[in-house]
1. Please enumerate the residues belonging to the range B:27-48 that are away from the ligand (no atom under 13 Å from the Cβ) and either touching a residue at least 24 places away in the same chain (Cβ under 8 Å) or farther than 23 Å from B:Asn13 by Cβ (or both).
2. Tell me which residues, restricted to the range B:87-102, are within 13 Å of chain C (Cβ to nearest Cβ), over 11 Å from the mean Cα position of the chain (by Cα) and either in a strand (DSSP E or B) or over 15 Å from C:Asp258 (Cα atoms) (or both).
3. Consider the range C:132-168. How many of its residues are within 7 Å of chain B (Cβ to nearest Cβ) and among the aliphatic types (A, V, I, L, M)?
4. For the condition modelled with pLDDT under 95 and more than 14 Å from every other protein chain (Cβ to nearest Cβ), what is the one hit in A:Ala16, A:Ala70?
5. Answer yes if at least one residue in the range C:218-232 is within 14 Å of chain A (Cβ to nearest Cβ) and either hydroxyl-bearing (Ser, Thr, Tyr) or in contact (Cβ under 8 Å) with a residue 24 or more places away in the chain (or both), and no otherwise.
6. If you take the residues in the range B:25-71 that are within 14 Å of another protein chain (Cβ to nearest Cβ) and of a type in the set (S, T, N, Q), which one is surrounded by the most Cβ atoms within 10 Å (Cβ to Cβ)?
7. Please pick out the residue among A:Asp208, A:Asp167, A:Asp214 that is farther than 25 Å from A:Pro52 by Cα, of a type outside the set (S, T, N, Q) and loosely packed, with under 14 Cβ neighbours inside 10 Å.
8. Return a yes/no flag: does the range C:171-189 have any residue that is touching a Leu at 6+ places or on another chain (Cβ under 9 Å), modelled with pLDDT of 95 or more and buried (at least 23 other Cβ atoms within 10 Å of the Cβ).
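The values are calculated or read from the model by the stated rules, or taken from the named source; none is laboratory data. Source: prediction; values computed, not measured. FYI the Cβ positions are ideal-geometry reconstructions off the backbone, even for glycines, and counts take in every protein chain you see.
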Amino acid sequence: MILDELEKRLRPPARAVPSYPPKVIVLASGKPLVVRQAENDDIPILLEAIEPLVRVRKDFYDIVAARMYAELLSQYLHRTLDPYCLIGTIDGVIASIVNGRMIDEKRGMSYHTLTIHRGLRCGAHMFAAKMEHHMDVLKQEEVFIVAESYLGFKRWMIEYQLEPRPDFQHELGGVGSYALTRKLYDTYKTRLLAGTRPVPPEVLRTADTLILPDEYPQIPGFKR
Amino acid sequence: MPTTTELYAVDRNVYAFRCPECGALYYPAPMVCRKCRNRRDPSVTVYPDFEKVPLGGPCRLLTWTRIYALPEGIDRPSLAFGVVEFTNGIRAVGVLMTEKPKTGALLDARAGLVRELVGRDCYGLQLFDPSP
Amino acid sequence: MREVGIVGIGHTKFGRLDYDLVDIMAWSSLEALKDAGIEGGIDQVFVANMGAGAVNNQTGIASALVSRIFLEPAMAETVENGPASGASAVKCGYLAIAAGMADTVLVTGGERMRETTGWKATDFVATLTHPDAEYAYGLTLPAYGGMFTRAYMERHGLTEKHLAMIAVKAHRNAEKNPFAHIEETASIDGIWDGPHREVVNPVMADPLRLYDLCPVSDGAASVVLTAMETAGRFKKKPIRIAGIGQATDTHCVFNREDLLDLKAVRLAAERAYAMAGIGPKEISLAELHDAFLILEVAESEEVGFFPKGEAKKAIERGETEIAGRIPINTSGGLKAKGHPVGATGVSQIHEIVKQLRGEAEEGRRVKNPRYGLAVNFGGFGNNVVATILAKE
Ligand SMILES: [Zn+2]
């Protein structure tokens with residue numbers, strides 16, 4: 001790839017960062033949720049999947065979707081240092097998306113969790129996968145987390161008993177940050193983290209080509 | 001008239017209530033004795049109140065649970081409850097403070113702070129393993 | 001006393017409904033009037049609701065409903081009997097007609113609980129318990145569900161797998177019910193046998209798991225009642241209210257001599273059977289109040305379908321499935337159809353009428369039913385209403 005001089009100065013250096021090994025979770029319905037890292041080429045279709053939720057004026061879907069849209073766009077256009085995005089798919093259909101980035105070797109920054117498919121705890125599984133990525137794959141010591149929605153706050157801050165870090169300003173702004181430490185992760189992962197590896201090739205293949213959801217429980221009567 | 005000290009004292013106990021007429025014991029307090037129909041009057045103006053008997057001490061665990069979805073205002077991941085029976089036959093709910101509860105186990109109930117509501121500290125029974 | 005029949009039924013979808021509570025109730029009310037083939041002529045409205053004041057900051061909702069659908073000057077009041085409000089309101093409608101105070105009554109149960117968070121909804125339902133001896137501890141209804149389940153399992157050898165099997169049945173029935181809150185399948189591979197059971201179906205009120213508990217729902221259901229002697233003027237053949245029974249029990253569950261004895265369920269059912277002149281053997285299907293799946297098990301024994309401790313064998317043999325000997329919770333039950341508390345009792349009766357008329361959806365339709373039983377369970381069994389409906 002040939003980069004011009006100005007682009008080089010705006011683009012953060014790409015570091016060699018381990019990528020998330022795919023896993024599969026058997027959901028309550030019996031269907032597999034395949035969780036894998038999104039490649040840069042996956043991002044345009046993710047943006048398309050997120051876009052309708054930008055206009056959902058309830059449960060803070062609008063702000064979470066709008067911010068994640070911008071974050072993934074920034075990742076796609078190489079304006080974020082060491083970002084990552086994990087996607088969960090059911091039969092190839094995008095069910096849930098999580099993202100974040102590495103601050104440095106030891107510390108991670110959680111951005112957002114956006115779940116389209118409701119009712120099967122996909123969001124909880126994906127948030128747990130994100131913590132797994134920071135702790136077990138990137139081998140970090142702590143992850144900084146804030147929430148925009150009430151549900152997110154209760155879910156993450158209370159289920160994981162995150163430690164308040166009022167003096168640390170999270171990149172998303174807002175109130176002081178909370179942090180997941182390795183100790184908390186080890187305490188709660190048996191109850192909150194699931195998944196089997198390696199994913200059987202025929203199951204993993206279902207997540208190769210991402211499919212846009214044709215319904216959004218958040219948008220009654222949605223038509224693409 | 002209560003003394004000033006009494007007026008501001010915080011009562012951290014949990015009580016059973018004894019009928020002053022026939023001695024029947026209740027928890028929580030009824031407004032009439034089931035056995036002798038003697039009335040209870042919390043205002044102590046028309047009838048005397050029932051006698052307060054501190055509830056606690058040795059008890060047996062009848063059943064228990066640990067809940068992971070707590071009501072508004074309790075910001076912790078889980079809380080365990082048990083139903084216990086005291087030797088005097090009185091039963092109550094308590095917060096389990098033991099690591100591995102077992103139905104039928106002998107426990108020690110002590111009154112303590114169990115919940116902080118807006119403007120109200122709630123004292124209730126906490127259930128411990130019996131001290132050796 | 002005059003005989004009373006049901007000539008109209010209406011229902012909203014259960015789930016999350018972002019509309020005003022009275023609008024939600026108006027919808028099912030209008031559906032019931034349409035089903036009865038009438039536009040007015042209602043003498044009395046009974047509204048079943050538990051939380052309008054506490055959750056939605058609305059009071060006087062029976063009057064508001066009457067006005068929203070232009071039923072003035074009908075008589076109207078709200079009936080609050082906790083989660084048994086629905087069947088209590090139907091009972092009030094029955095009494096009004098039987099006594100000759102009214103000829104045609106609209107009963108609507110409605111609730112909007114998802115306007116608030118799940119934690120506040122849990123807290124609101126917990127206000128049913130004793131303020132000092134239970135509520136002050138943070139004790140919730142699911143906590144009692146868990147403690148009851150543990151005691152039942154230890155005494156009768158019921159396993160978590162039995163409950164998972166009931167959950168799968170509930171989801172299967174709900175999937176075919178267009179009004180059901182839960183639309184997702186639950187499979188035994190996912191919630192019981194699956195490799196990730198502990199995370200996919202976590203313990204919520206030990207030993208009860210996520211899939212053993214009902215969701216928090218919004219929704220409304222309505223029925224139109226009328227005197228059997230004049231029911232011929234309506235569009236559809238009436239379904240007769242053959243028996244109603246009700247009983248209460250101690251407010252504090254721990255003060256029951258036997259923690260597993262749901263005496264109010266047994267007495268309510270006995271009274272309803274006596275009034276209907278039948279026994280449990282004549283019942284073709286039942287809607288049992290399964291806010292926690294253990295309640296379907298325990299109630300099925302208390303109402304006389306199975307001897308105590310034996311319901312698990314019936315579950316293993318599939319006797320409570322649609323094609324079984326005594327189908328239970330053909331609607332999906334509270335577990336999967338959803339549980340807007342004030343609406344639930346009316347919704348159960350709606351389902352029985354639908355089944356007795358033969359109008360239930362393909363795949364969840366019970367064959368040739370004659371009598372249906374509904375058990376609406378208030379508090380943790382401290383106020384229970386049983387209703388028996390009959391196809392004439
Ligand atoms: Zn007495």
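1. Result: B:Tyr27, B:Thr45, B:Val46.
2. Of everything in the range B:87-102, those that are within 13 Å of chain C (Cβ to nearest Cβ), over 11 Å from the mean Cα position of the chain (by Cα) and either in a strand (DSSP E or B) or over 15 Å from C:Asp258 (Cα atoms) (or both) turn out to be B:Leu96, B:Met97, B:Lys100, B:Pro101, B:Lys102.
3. Going through the range C:132-168, the residues within 7 Å of chain B (Cβ to nearest Cβ) turn out to be C:132-134, C:136-140, C:142-143, C:146-147, C:150-151, C:154.
Filter again for among the aliphatic types (A, V, I, L, M), leaving C:133, C:136, C:139, C:143, C:147, C:151.
So the answer is 6.
4. Of A:Ala16, A:Ala70, the one residue that is modelled with pLDDT under 95 and more than 14 Å from every other protein chain (Cβ to nearest Cβ) is A:Ala16.
5. Yes, that holds for at least one residue.
6. This residue is B:Thr65.
7. A:Asp167
8. Checked the range C:171-189: no residue is touching a Leu at 6+ places or on another chain (Cβ under 9 Å), modelled with pLDDT of 95 or more and buried (at least 23 other Cβ atoms within 10 Å of the Cβ).
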